[in-house]
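> Before I ask anything, let me first share the structure, which is written out below as structure tokens.
The values are calculated or read from the model by the stated rules, or taken from the named source; none is laboratory data. None of these values were measured; they are calculated from a predicted model. Cβ: placed from backbone, ideal geometry, glycine included. Neighbour counts: every protein chain shown. Surface areas here come from the heavy atoms of the whole protein model, side chains and all, with no ligands, DNA or RNA. Shrake-Rupley method; radii C 1.70, N 1.55, O 1.52, S 1.80 Å.
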Amino acid sequence: MRKKQMLMTIIAGAVMASCGGGGQSGKPNFADNEYAVRTVATQSTELQTTFPATIKGIQDVQIRPKVSGFLTQVCVHEGQTVGVGQLLFVVDNETYQAQVRQAQAAVNTAQAQLNTSKLTYENSKKLFDNKVIGQYELETAGNNYTTAQAQLSQAQAALASAKEALSYCYVKSPVAGVVGSLPFKVGALVSASSVEPLTTVSDINTMEVYFSVTEKDFLTMTKGQGGVSAAIAAYPAVQLMLADGTIYSEPGKVVKASGVIDASTGSVSMIARFPNPNKELRSGGAGQIVVPNTNSQAIIVPQEATSEVQNKKFVYLVGKDNKVKYTEIKVDPQDDGQTYIVTSGLKVGDRYVSRGITSLTDGMEIKPITDEQYLKKIDDAAKLGEKQGSAAGFVEVMKGKK
């Protein structure tokens, strides 16, 4: 028993010695004021700016009836590809067919009256030449002939109008494309004044993707570019991120920009076109436009070298006397989650503390070391912590053997 007590005493002393008198395990000792310091330099970087976007066909045509009536046929299904002039819907046309028959009868009657008045006028001319009738009778026959001609023209116009109204009962596609949703079924009452269209036919060979940029970004883009047209021509190729997070295989090109700033949002609408050979994109879809942004003279700092107070970013600048100064910087709103691109507050040649800033105070004097030296201190401290943990565990084991 006495030997065990002596062994425990020796081990406890070893553990206390290795702990450095109760220092913090696994952490570097900052009593020497050594901090990792970097010197600001520029480098090339590429960021991606994203904008919410809406996908539409290059031509989305709402199909509406021109006449009122009950739907008797729906000749297509949703998602079907149709050509120009293809029949889509049939509206009840019995009334319009009757109107055509009535108008045709009126044409036939007018034609008969015209034939009769023509014969009368020609016969009157012969009688007038033979001095059988006078001038009055001849002019009367001529007027009747002219009136019959006008009546025939009027009847023919009514027939053409009736036929056109009948043709409206057969709703055809004005463009080639893909049929959208079909909210009305056979038997539904439709009219030209219905709020909802019968369907939408979209030309999706090429898609237009709508997105908006801020007024500030738009002004920055157009200044010094020779106007909006030149700025659009110089705009880089863009990508489309789909709703599932994947990037669409075909690149797009910005082709249009609105000439009016939306007063409610302070943004400018822009349109990019994407080829759609495999019909992967559908009108009405959503995604995000991805715009690449390359900067060959960027100042980049790690996010762990910064602190944030009231939405402002700060770093510790290191002066010539190795004293640190708490300094505000401004950064690009787009970042990769690990670094910031500094837009102001730092310049080439400045020195800043890159690691361990949580233990710094403004005006504190430090001893600059490299990142590699700092990381070595961290590693040494971690190894020391492991040794302390092993020794402490051994003590617990020996206690359990008593």
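> Using only the Cα atoms, what convex hull volume per residue in Å³ does the stretch 89-207 have?
Given the Cα convex hull of the stretch 89-207, per-residue volume reads 148 Å³.
> Using a probe of 1.4 angstrom, how much of the accessible area of the stretch 28-160 is carbon and sulfur, in percent?
On the stretch 28-160, the fraction of accessible area on carbon and sulfur atoms equals 49 percent.
> For the chain, what are the DSSP H helices with axial Cα length of 24 Å or more and mean Kyte-Doolittle hydropathy of at least -0.5?
2-18, 135-167
> Residue by residue through the stretch 50-56, what is 3J(HN,Hα) from phi via Karplus (6.51 cos²θ - 1.76 cosθ + 1.60, θ = phi - 60°)? Round to whole Hz and write x for glycine and proline.
Ordered by residue, 3J(HN,Hα) equals 10, 9, x, 9, 10, 9, 9 Hz.
> Please give the charge dipole size of the stretch 127-263, origin at the Cα centre, charges +1 on K and R Cβ atoms and -1 on D and E Cβ atoms. Round to the nearest 20 debye.
Result for the stretch 127-263 is approximately 140 debye, rounded to the nearest 20.
> Which longest run of the chain has no exposed loop site in it, a site being GluC sites (Glu not before Pro) in a DSSP loop with at most 15 other beta carbons within 10 Å, and the site itself not part of the run?
Excluding the exposed sites themselves, the longest stretch runs over 79-279.
> Compute for the stretch 55-126: radius of gyration divided by Kirkwood radius, i.e. Rg/Rh, restricted to C-alpha atoms, rounded to two decimals.
Result: Rg/Rh = 1.34.
> For the pair Leu47 and Tyr326, what calculated FRET efficiency results from E = 1/(1 + (r/R0)^6), where r is the Cβ-Cβ distance and R0 = 25 Å, to the nearest 0.05?
Result of the calculation: an efficiency of 0.40.
> Could you work out the local net charge near Lys312, counting Lys and Arg as +1, Asp and Glu as -1, over the other residues with Cβ closer than 14 Å to its Cβ?
Values: positive: Lys313, Lys330; negative: Glu308, Glu328.
Once all neighbours under 14 Å are counted, the net charge is 0.
> Once volume of the Cα convex hull per residue in Å³ is worked out from the coordinates, which option in (1) 160; (2) 146; (3) 280 does it equal?
(3)
> Further question: Mind checking which of Ile232, Ile247, Ala141 is farthest towards the positive end of the chain's charge dipole, using Cβ charges of +1 (Lys, Arg) and -1 (Asp, Glu) about the Cα centre?
Ile247
> Now for a separate question. Filter the cross-link list Lys56/Lys216; Lys216/Lys312; Lys66/Lys256 down to pairs whose alpha-carbon distance in this structure exceeds 23 Å.
Where the Cα-Cα span goes over 23 Å, the pairs concerned are Lys56/Lys216; Lys66/Lys256.
> For the chain, what is the accessible area per residue in Å² when the probe is 1.4 Å?
Dividing the accessible area of the chain by its residue count gives 59 Å².
> For Arg355, list long-range residues whose amide hydrogen, built 1.01 Å from N in the peptide plane, is under 5 Å from its own amide hydrogen.
Ala36
> What is the spread of the Cα atoms of the stretch 144-194 along each of their three principal axes, largest first, in whole Å?
57, 26, 17
> Using the eigenvalues of the Cα gyration tensor, what equivalent ellipsoid semi-axes result for the stretch 182-274 when each is taken as the square root of five times the eigenvalue, whole Å, largest first? Mind dumping the intermediate values first?
On the way: eigenvalues 239, 71, 29 Å².
Whole-Å semi-axes of the equivalent ellipsoid: 35, 19, 12.
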